[in-house]
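Worksheet for the structure shown next.
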Amino acid sequence: MAEEITPELADRVLAAQPFSRLVRARIAVFEPGRAVLEVDVRDELRQQNGFLHGGVLAYAADNALTFAGGTVLGASVLTSGFSIEYLRPATGTLLSARAHVVESTRRRAVCRCDLVMVDDTERTVAAAQGTIVLTDR
C-alpha cells in the first residue's frame, strides 16, 4: 500500500524542494482530493512588465497538481505531464494555486488547478490540468 501523505509530510516534502524554498511557497490547504499552494508575490518573481512570471505560475500549478494527486495516491508521486493556459496577466499580492482531483485509479490521478491572483479581489489568471502517477519507490 502507498504511504499516506499527511499535511505534516506534505510540508516536509515542500521544504525539501530547493526551488520551493526559493519562491517561498507554502501549502495552505491539504485535504483528501485537494491541495492549495500559495506564493507571496515579490519583485524577484516578476517579469519585465511587472506581472508575475509565467514560470512561477507553471511551477505552482505543477506542485499543486502533484500534491492534490498525492492526497489520493500516497507520498511517492510524480507529475507525468501537465498543460497550462494563461488567461490574463498575473497581478496581485498573492498567488493561490488551487488543485483538485478530477478522477483517480490506484496508480494515477487526473487533477485540475486554478491559478488565482489575490489582492482586494480574486482573479483566475491561468488554468492547468495534469496527470499524477504513483512511482515504484
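The values are calculated or read from the model by the stated rules, or taken from the named source; none is laboratory data. Because the structure is predicted, anything quoted here is derived from the model rather than measured. All Cβ positions, glycine included, derive from the backbone under ideal geometry; neighbour counts span all protein chains shown. Ligands, DNA and RNA are stripped out before the accessible areas are found, and what is left, the full protein with its side chains, is counted by its heavy atoms. Shrake-Rupley method; radii C 1.70, N 1.55, O 1.52, S 1.80 Å.
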Name the one entry in R88, R123, R46 that is of a type in the set (D, E, K, R) and within 17 Å of the chain's Cα centre (by Cα). R123
Might you let me know whether segment 73-85 holds any residue that is among the hydroxyl-bearing types (S, T, Y) and either within 19 Å of R26 (Cα to Cα) or under 13 Å from the mean Cα position of the chain (by Cα) (or both)? yes
All conditions in (1) without any contact (Cβ under 8 Å) to a residue 12 or more places away in the chain; (2) touching a Leu at 6+ places or on another chain (Cβ under 7 Å) are true of A15 except (2)
Inspect all residues belonging to segment 79-89 and state whether any of them is open to solvent by less than 20 Å² (accessible area, probe 1.4 Å) and at pLDDT 95 or above. no
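Looking at L115, L45, can you tell me which residue is free of Cβ contacts under 8 Å to residues at least 24 places away in the same chain, more than 20 Å from T135 (Cβ to Cβ) and surrounded by 13 or more Cβ atoms within 10 Å (Cβ to Cβ)?
Working: L115 fails: free of Cβ contacts under 8 Å to residues at least 24 places away in the same chain.
Going through L115, L45 in turn, just one is free of Cβ contacts under 8 Å to residues at least 24 places away in the same chain, more than 20 Å from T135 (Cβ to Cβ) and surrounded by 13 or more Cβ atoms within 10 Å (Cβ to Cβ): L45.
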For segment 58-69, which residues satisfy the criterion of being surrounded by fewer than 24 Cβ atoms within 10 Å (Cβ to Cβ) and under 19 Å from V118 (Cβ atoms)? A58, Y59
Yes or no: T93 open to solvent by 40 Å² or more (accessible area, probe 1.4 Å), under 21 Å from R24 (Cα atoms) and within 14 Å of the chain's Cα centre (by Cα)? no
Looking at segment 1-42 only, could you name the residues that are open to solvent by 40 Å² or more (accessible area, probe 1.4 Å), farther than 19 Å from V118 by Cβ and not hydrophobic (A, V, I, L, M, F, W, C)? E3, E4, T6, P7, E8, D11, R12, Q17, P18, R21, E31, P32
For segment 21-46, which positions are more than 17 Å from G70 (Cα to Cα) and in contact with a helix residue (DSSP H, G or I) (Cβ under 8 Å, 6 or more places away or on another chain)? R21, V23, A25, V39, L45
Anything in segment 96-112 that is surrounded by fewer than 18 Cβ atoms within 10 Å (Cβ to Cβ) and β-branched (V, I, T)? List them, or say none. V102, T105, V110
